[in-house]
Amino acid sequence: MPFHLAFFDPGAMGRIAAENPKVSAWYLGGHSLGGAMAASYLHDHLEAYRGLALLGSYSTVDLTASSSFKTATIYGSEDQVLNRSNYQENLKNLPANNVETIIAGGNHGQFGDYGAQQGDGQASISPLEQQEETAAAILELIAR
């Protein structure tokens, strides 16, 4: 992504899928604004994907049209960047099968590898621990 931000190229996934026609099952995921951008893209392409993992993020668009689409929301207990009120309000945009994972001791910035984020809470687990728990939650999404 340009500047490592999905905001600058929201259609990238469509090009990647077109370049890889042998892949039969696609899932999207994104952290923070990247998650919101992935959800926005999926709104118009829902039938072509199996699921979405939102990391410290939420969907502002309705993704409930497909009964087979799966979602997971994953955030850290110490995440002070994610607006919890908006997160709760927008859960209605996800399928009833959404699985929420709260990573004890995790924060917002440790989903990535870009250092501390202004306004974020202090993590009590390492970035590696948070990323391993995140990967496990995403694998559970794919396995369901």
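Some notes on this structure:
- Members of the range 66-95 that are out of contact with any helix residue (DSSP H, G or I) (no Cβ under 6 Å at 6 or more places or on another chain) and at pLDDT below 95: Ser67, Ser68
- Hits in the range 115-130 (condition: out of contact with any His (no Cβ under 8 Å at 6 or more places or on another chain) and either surrounded by 18 or more Cβ atoms within 10 Å (Cβ to Cβ) or not in a helix (DSSP H, G or I) (or both)): Gly115, Ala116, Gln118, Gly119, Gln122, Ala123, Ser124, Ile125, Ser126, Gln130
- Residues of the range 7-32 that are surrounded by 11 or more Cβ atoms within 10 Å (Cβ to Cβ) and modelled with pLDDT of 90 or more: Trp26, Tyr27, Leu28, Gly29, Gly30, His31, Ser32.
Here is a yes/no grid of residues against (1) among the small types (Gly, Ala, Ser); (2) at positive phi; (3) out of contact with any Asp or Glu (no Cβ under 9 Å at 6 or more places or on another chain):
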residue: Ser24; (1), (2), (3): yes, no, yes
residue: Gly30; (1), (2), (3): yes, no, yes
residue: Gly35; (1), (2), (3): yes, no, yes
residue: Asp44; (1), (2), (3): no, no, yes
residue: Gly56; (1), (2), (3): yes, yes, no
residue: Ser66; (1), (2), (3): yes, no, no
residue: Glu78; (1), (2), (3): no, no, no
residue: Asn93; (1), (2), (3): no, no, no
residue: Asn97; (1), (2), (3): no, no, yes
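- Sole exception among (1) modelled with pLDDT of 95 or more; (2) among the hydroxyl-bearing types (Ser, Thr, Tyr); (3) over 22 Å from Ala136 (Cα atoms) for Thr101, by number: (3)
The values are calculated or read from the model by the stated rules, or taken from the named source; none is laboratory data. The shown structure was predicted, so the numbers you read here are calculated from the model rather than taken from an experiment. Every residue, glycine as well, gets a Cβ built from its backbone with ideal geometry; the counts of neighbours run over all protein chains shown.
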